[in-house]
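Since the structure comes first, as structure tokens, the remarks are kept for the end.
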Amino acid sequence: MGTYVDTAITAFPLFDAISRRVSLKRKIHSHSVVWIAMQKPSFYSGVRSRVLAMTVALAFLTYMDRVCISVTAPAILRDLRLTPIEMGIVFSAFTAGYALFEIPTGWWADRAGSRRVLTRIVVWWSVFTGLTAAAWNFPSLVTLRALFGAGEAGAWPTVARALSRWFPSEERGTAQGIFFMGAHLGGGLTPLLVAAIAFRIGWRATFPVLSILGFVWAAFWFHWYRDEPRDHPSVSAEELDWIEARRHAPAEEAFAGSMFHLALRTPGIWFLCLMYFTQTYGFNLYVTWLPTYLQHEKKLHGSALGIFAGLPLLLSVPADLFGGIVTDRLSRSSGLRRGRCLVGFCSLAAAGVFLFAGSVAQGWTSAVLIALAAASSNFLLGASWSACADIGGNHAATLSAAMNTSGQIGGILSPVIFAVLIRNSVTWTAPLYWTAVLYLLGAVCWYFVHPERPLGAITPSSRLG
């Protein structure tokens, strides 16, 4: 089965290019220093590329299962006789369960490894995806969606840990960028797929059908994946050396106190979380209120509204990829500090400028500028999640979960604050002004983030430096 999985994953379309670059490795023999040429293992042909392909497939599945309930919501409202407010509570039940268990699951992944934890996550959420079809009233549906969210919690932080073990620091941004590109592409494509399935077999049958894909993925992952590259039978010695020599694993903690307490006393981590709060706050605005805003405020209707409402997600796909590539190249040439923080700062600063300009522009020009703001805010995803791995090391999943939880809080507040700000306003520009300001504050947060200082190597004297 392992050979079959290797072949299937190698065929993944994102990895059809093969590149070779030559680097120099320093080899020391007694008192002499010899420089020898060593070919860098291709990013696209090694086992680590197949690990990335599996995580991209997971990103597709997460969005597919999340989107399923929103696409089938009209039928669910009719069959279960729910009110729109009750359906809103159903949507929030997932987010609440997800946010509640994000950090505990990330903590568990750091201790048990991504192989076991991701298998449990996907099996759990697949079970409750299928069981959604059995809901018979409002309380049962809320319970099932809350359990679904609790099961999916920690998926992306656990992926971040897997990528931190399989990719050296100079490739992590690209890997994270490709992962999020797959997620956003899935977010754009899966509504069409789910709608087609539900149209043919009905909403109750759709959920069990989609759950089967999760069970298949979990079986492949558990059989094929290994938490450490050296434990995988298909990894070559060349690729193993490339990964382990450049992972920059943090030193063991040299002072009393747990890593959790150390993280709480490290201001840079707090600012990383605050930054992600602003990023997710803004992005959730685009996927909730943007269509209504463009129709009410910018007078866009019909097919034009559909195109421009989906433009933020569409432009985010290349932004994810190129943001990851840029942060890695800049990290190699100028160090992790500039490679991660400069990309993060410029991303949110540009998002703030574009969003402010979009709020004062009119018609389709406004919609394009707002979409550019969304893409700019997602340009930093490779840098931010790689920074978690750079700082967290063996605790990458816990730190990623903390950052993502702060983002989820922003995502929960965003649509509510939008509604409050427009309640007594003549125009709907105030929420966009407020979000633009948050973006600029998030950009400033990057000044206080230090990805070049692994958590285990931080000393009390270096925390504020």
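Laid out as a table, the results:
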| item | result |
| --- | --- |
| Model label zone, Ile307; criterion: amide N under 19 Å from point 7 Å along Cα-to-beta-carbon; scope the stretch 175-198 | 188-189 |
| Cα shape, the stretch 169-226, gyration tensor, a/c 1.5 rule | oblate |
| Footprinting exposure proxy for Asp390, Asp231, Asp79 (fewest neighbouring C-beta atoms within 10 Å first) | Asp231, Asp79, Asp390 |
| Cα gyration tensor category, rounded, prolate or oblate, for the stretch 351-442 with a/c compared to 1.5 | oblate |
| Point-charge dipole on Cβ atoms (K/R +1, D/E -1) for the stretch 259-462, about Cα centre, debye to 20 | 180 |
| Where N is the number of residues in the stretch 124-218, Cα Rg divided by 2.2 N^0.38 Å | 1.30 |
| Ranked Ser334, Ser406, criterion: other C-beta atoms within 10 Å, fewest first | Ser334, Ser406 |
| Cα gyration tensor shape of the stretch 259-462, rounded if a/c is under 1.5, else prolate or oblate by comparing a/b with b/c | prolate |
| GluC sites (Glu not before Pro) lying in DSSP loop within the stretch 115-172, provided at most 11 other Cβ fall within 10 Å | none |
| Only Lys, Arg (+1) and Asp, Glu (-1) charged, at Cβ; the stretch 47-245 dipole about Cα centre in debye | 640 |
| Global size of the stretch 69-196 as Cα Rg and Dmax, reported in angstrom | 16.6, 53 |
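Read the figures in this text as sums done on the coordinates, not as results from a lab. The model shown is predicted, which means the values in this text are computed figures rather than measured ones. Don't worry about glycine lacking a Cβ; one is built from the backbone with ideal geometry, like all the others, and counts go over all protein chains shown.
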